[in-house]
Amino acid sequence: MENYINKLELEYKKFQNTEYALSQSAYMRNMFAYFGLKSEKRREISKTFLKENGKPKQENLLELIKLLWQKPQRDFQYFALDLLEKQATKFREEDLQVIEYMIVEKSWWDTVDLIAAKLAGEYFKKFPEKTIPTTHKWMASGNIWLQRSALLFQLKYKKNTDTALLFSYITALKDSKEFFIRKAIGWILREYSKTNAQQVIDFVNQTKLSVLSEKEALKWLNNNKMKANYLNSK
């Protein structure tokens, strides 16, 4: 696995841009280093690399992810996420540990949001019996990134959203002072409002949310035809 990653690093270094890398790092509050590759170029390099070197076997996944996550450049973590997204339908039950590892290590919105919506979301579709015990554990953890993931894993579920579960998690976290929790509450409600606007309106009217959460939750409605309905219901 280390040899595999070393080959990938050589490919990234061929196209690195120091000036752009500094701007990328600054945008992320200097929390991570970068090679200075724009997303389109990085994915192009990664695609060619995978064609030439193949994808790792599922049983080697955790080892590879941990090695990629320990690398200083954020590009390696993005490579891991792109790789897992393509293999999400092949998740095994034990791969939950991979998902949890990525959420709690080197945590920031740029990785956690994709992990929650595209990886955890797909995992729980495949193993629905894991949904409640796992997300309950995340909620009780006190870790804001696990809690954010418990809110956002249903982001793409649309009509299949378990609203009872979602609303219970929002209610439990609605008084949080954490920006990333308040933002996530608004985001998931806004996304679900595209599926069931009235249900979101009713929930917002009945629940005392933070100003940020409510503003984000109603943003789509206030820009669309449901605005009048919402105003009339106040």
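The values are calculated or read from the model by the stated rules, or taken from the named source; none is laboratory data. Owing to the predicted nature of the structure, the values given are computational and were not obtained by experimental measurement. Neighbour counts run over all protein chains shown; Cβ positions are idealised from the backbone, glycine included. Remember, those area values only see protein heavy atoms, side chains included, never the ligands or the DNA or RNA. Shrake-Rupley method; radii C 1.70, N 1.55, O 1.52, S 1.80 Å.
Figures for the structure shown
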item	result
Theoretical gain in end-to-end length, SER39 to LEU22 [0.36 nm per residue, Cα-Cα removed]	4.6 nm
GNM top mover of GLU44, GLU11, GLU100 - the chain, alpha-carbon springs below 10 Å	GLU44
Using alpha carbons only: equivalent-ellipsoid semi-axes of region 45-87, gyration tensor based, whole Å	15, 14, 9
For the chain: relative contact order, % (alpha-carbon pairs under 8 angstrom, 6 or more apart)	12 percent
Filter on LYS118/LYS158; LYS57/LYS158; LYS57/LYS90 - keep pairs with C-alpha separation over 20 Å	LYS57/LYS158
Helix 2-14 axis, angle to the chain major axis (alpha carbon atoms, nearest 10°)	90 degrees
On Cα atoms only, tilt of 179-193 relative to the major axis of the chain in degrees	70 degrees
Cα principal axis extents for region 146-229, largest first, Å	34, 27, 19
Compactness relative to 2.2 N^0.38 Å, alpha carbon Rg of region 64-116	1.04
Three-way shape label, region 1-100, alpha-carbon gyration tensor, a/c 1.5	prolate
Euclidean distance between Cα centres, region 124-172 to region 9-23, Å	37 Å
Solvent-accessible heavy-atom area per residue, rounded to whole Å², over the chain at 1.4 Å	51 Å²
Distance violations [Cα-Cα > 19 Å] among LYS137/LYS159; LYS177/LYS219; LYS86/LYS126; LYS51/LYS106; LYS177/LYS208	LYS137/LYS159; LYS177/LYS219; LYS51/LYS106
Cα gyration tensor shape for the chain, rounded if a/c is under 1.5, else prolate or oblate	prolate
Helix-only CD estimate at 222 nm, as mean residue ellipticity for the chain, using -39500 (n - 2.57) per DSSP H run (n ≥ 4)	-19000 deg cm²/dmol
GNM flexibility winner over the chain from MET102, MET31, MET139 (Cα, springs under 10 Å)	MET31
Options ASN223, ILE185, SER25, ranked by Cα towards positive dipole end of the chain, top entry (Cβ charges)	ASN223
